[in-house]
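Q: This structure is in structure tokens; I'll ask about it shortly.
Where a number appears in this text, it was derived from the coordinates with a stated rule and is not lab data. Since this is a predicted model, take the numbers as computed values, not measurements. Glycine also receives a Cβ, built like all others from the backbone with ideal geometry; neighbour counts cover every protein chain displayed.
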Amino acid sequence: MKNQPTKNNGLLLIDKPSGLTSHDVVARVRRILNEKKVGHAGTLDPLATGLLVLGVGPSTRLLRFATAETKRYTGTVQFGSATDSLDSDGVVLATKPVPPLSEDQINTAAGTMLGTQMQIPPMVSAIKVDGQRLHELARQGIEIEREPREVTIESFTLSATDDPTKWDFDVRCSVGTYVRVLLSDFAESLDTLGHLTALRRESSGMHQVSEAVTLTQLEEMAAEGSSALHPPRSFVSGLETLTIDDETVRRIRMGQRVPLDVSKEHAEVAVVDAAGDLVGVVRPRGAAWQPELILPTVD
């Protein structure tokens, strides 16, 4: 039935373990929840751990609101050697001495990496060029020219470890930033080489890894009949939100334009019913608001 309510509808925050691809996590969640419609926002490399934002059921249509969010990562960089993948999963290509570095020196240098800049994606990445992923070409020993992408580094700090060649970092950056590339470029600015040895996504927009569950916890919750899903409304917390009456809900669900008491300065507005459930997202169209996205009712 097309209008049958669904329980599998919402935002799911997973604390991804190292060793799994983002696709692996999606496949596991599909099996655990017995739900075909599962997607993720913002790929994490197999080496990385931490927050993976997923949409489940009809809420997969809301994933675009999560992909545009600022990300925060922590991890460790190894200075003195470079790998073909820019992380510890790769093969060492070259080594170079590491100059003596103090925390003041290294953080002063890190400050020069802040702001908007152009970044060249690594060959070992999931980006597609002419229908083929770069990492597939890289495995064949093929390197092609990549278009630089604009990224923004909002904050970037490092702290010393017991090993003078290893430094822990904390970076906040725009969507699409490759932290591996940032650290490799940073190492070169210090007159050495470097690669990523650990990476953890701490947050994506307003979502924190502390709110996430592991795959094991998700399995346990599913077996108990409890849910780890956050309501679909969680995806659009960054939008202006307006509560609408039952008649307006009915009209929006029919795809009709409606008048709303909200400023037209907003490109999109989330509309919720009296119970606080997300009805959909609307855009200004002439003197009224046109439904851009409509969600089914929730059981």
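Q: Counting other beta carbons within 10 Å of each Cβ, put 203, 59, 237 in order, fewest first.
A: The order, fewest Cβ neighbours first, is 237, 203, 59.
Q: Follow-up question, since we're still on this one. Volume per residue, Å³, of the convex hull around the alpha-carbon atoms of the stretch 188-299?
A: 173 Å³
Q: Now a separate question. With each run of n ≥ 4 DSSP H residues scored as -39500 (n - 2.57), what mean residue ellipticity at 222 nm is computed for the chain after dividing by its residue count and rounding to the nearest 500 deg cm²/dmol?
A: Mean residue ellipticity at 222 nm (helix-derived): -5500 deg cm²/dmol.
Q: So what is the orientation-averaged projected area of the chain, using the convex hull of its C-alpha atoms, in nm²?
A: 18.8 nm²
Q: For the chain, what is the charge dipole size about the Cα centre, in debye to the nearest 20, if Lys and Arg each add +1 at the Cβ and Asp and Glu each add -1 at the Cβ?
A: 1260 debye
Q: How many percent of DSSP beta bridges within the chain run antiparallel, rounded to 5?
A: Taking every DSSP beta bridge within the chain, about 85 percent pair in antiparallel fashion.
Q: I need the semi-axes of the equivalent ellipsoid of the stretch 35-119: take the C-alpha gyration tensor, multiply each eigenvalue by 5, square-root it, list largest first in whole angstrom.
A: 35, 18, 11
Q: Binning every alpha carbon pair distance of the stretch 239-294 at 10 Å from zero, what are the percents per bin?
A: Once binned at 10 Å, the Cα pair distances of the stretch 239-294 give 27, 64, 9.
Q: Treat the stretch 161-225 as a sphere of radius equal to its Kirkwood radius over Cα pairs and apply Stokes-Einstein at 10 °C in a medium of 1.306 mPa s; give the translational diffusion coefficient in µm²/s, rounded to a whole number. If you can, show how the numbers build up before the last one.
A: On the way: Rh = 14.8 Å.
For the chosen part, D equals 107 µm²/s.
Q: Of all DSSP beta bridges in the stretch 186-290, what percent run antiparallel (nearest 5)? Before the final figure, lay out each step's value.
A: Details: 10 of 14 bridges.
In the stretch 186-290, DSSP labels about 70 percent of beta bridges as antiparallel.
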